[in-house]
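Notes follow once the structure below has been shown.
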Amino acid sequence: MKKIDKQKLKETSKIIQKLRNNCPLTHCITNYVTINDCANAVLAIGASPAMANEEPEMTEFVNIAGSTIINIGTLLDNQIEAMRKAAQECKKTGTPLTLDPVAVGVSKLRNDFTKEIIDNTNITVIRGNMSEIKAIGKLYNILQETTTAKGVDVAETDIITEDNIKTNAEIIKQIAKKLNTTIAVSGKIDIITDGTNTYLIDNGEQIMSKITGSGCMLTCIIGAFTAVTTPLEAALIGTLSMTIAGELAYKTVQHNKQGSGSFRTYLIDELYNMNEEKITKYGKLYKN
């Protein structure tokens, strides 16, 4: 990869204080497996989470929220209606809407609902793994063939490496441009693009995939940032904050000879202690 884009890193790092100064209400409709972790991650990074999931109150929450996040990890019937109502209200009010299309490509239900949300609303950011985003590309005939993800995990053939990063970045750029949105793809190397500008982030640790909810937490963090900055900048600062926190948390785990349970706690600690200096010091941000 090229040299680190220090200027962009410096500019992006300043957004974390802007978030904390504003502390926007971040409305998260997420799955019941990770809801507590997501709420704590949003609090730690400096926003205010609201985990409202009932359809009758969606209008009120969207209207007072700085941003809304939809995570389709556990698609219960009543939650589908809440997500649908919230998405429609976001379009009316212009509230930023971040989508996490968990396991799209695995079932017809997830495919149909993901396409419905994208078609009928204005998605600010889509955050997922490479298999999920490629599945969306197939739904819109941008890609002809894709690999089915292993449940909620990325397919082995879709793991992002330095050897395939150029091809994958171009694929994601095409999808973002077609859907007129910003896409953040999480992996060993993260790809973030708004269809015009594309960036790569090479932070993070493998242990992050060994705890439930690291991707869900990242989506909610990115969603929180959409309340105070542009979609592309939100995806960049959100991903940098989460992946750098993962690196620092893992150092503590290694030093103390601990495991994934302790890592989860340290990850929240590092999000809480994340700041402009750490992002500029540890961030590995590249312009593609």
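Please treat every number below as a calculation from the coordinates, not as lab data. Note that the structure is predicted; figures quoted are calculated from it, not measured. As a convention, Cβ positions derive from the backbone with ideal geometry for all residues, glycine included, and neighbour counts pool all protein chains shown.
Could you please find all residues in segment 103-129 being touching a residue at least 60 places away in the same chain (Cβ under 8 Å) and under 21 Å from Glu170 (Cβ atoms)?
Applying the first criterion (touching a residue at least 60 places away in the same chain (Cβ under 8 Å)) to segment 103-129 yields 118, 124-125, 127-129.
Ile118, Val125, Arg127, Gly128, Asn129 - these are the residues of segment 103-129 that are touching a residue at least 60 places away in the same chain (Cβ under 8 Å) and under 21 Å from Glu170 (Cβ atoms).
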Next on the checklist: Can you find, within segment 1-56, the residue that is surrounded by the most Cβ atoms within 10 Å (Cβ to Cβ) among those that are acidic (Asp, Glu) and either within 12 Å of Asn71 (Cβ to Cβ) or touching a strand residue (DSSP E or B) at 6+ places or on another chain (Cβ under 8 Å) (or both)?
Outcome noted: Asp37
Checklist entry - Does segment 189-210 contain any residue that is among the hydroxyl-bearing types (Ser, Thr, Tyr), touching a Pro at 6+ places or on another chain (Cβ under 9 Å) and closer than 28 Å to His27 by Cβ? => result no
Checklist outcome for this item: Over segment 63-82, the set of residues more than 16 Å from Cys216 (Cα to Cα) and either aromatic (Phe, Trp, Tyr) or within 19 Å of the chain's Cα centre (by Cα) (or both) is Ala65, Gly66
Checklist entry - Can you pull out the residues in segment 254-288 that are basic (Lys, Arg), touching a residue at least 40 places away in the same chain (Cβ under 8 Å) and part of a helix (DSSP H, G or I)? => result Arg264
Next on the checklist: Can you say whether Thr229 is assigned to a loop (DSSP other than H, G, I, E, B) and either free of Cβ contacts under 8 Å to residues at least 12 places away in the same chain or within 21 Å of Asn36 (Cβ to Cβ) (or both), as far as the supplied structure shows?
Outcome noted: no
Item to check | Which numbered condition Arg20 misses (of (1) assigned to a loop (DSSP other than H, G, I, E, B); (2) over 17 Å from the mean Cα position of the chain (by Cα)) | outcome: (1)
Checklist entry - So how many residues does segment 86-108 have that are surrounded by 19 or more Cβ atoms within 10 Å (Cβ to Cβ) and more than 19 Å from Gly213 (Cα to Cα)? => result 8
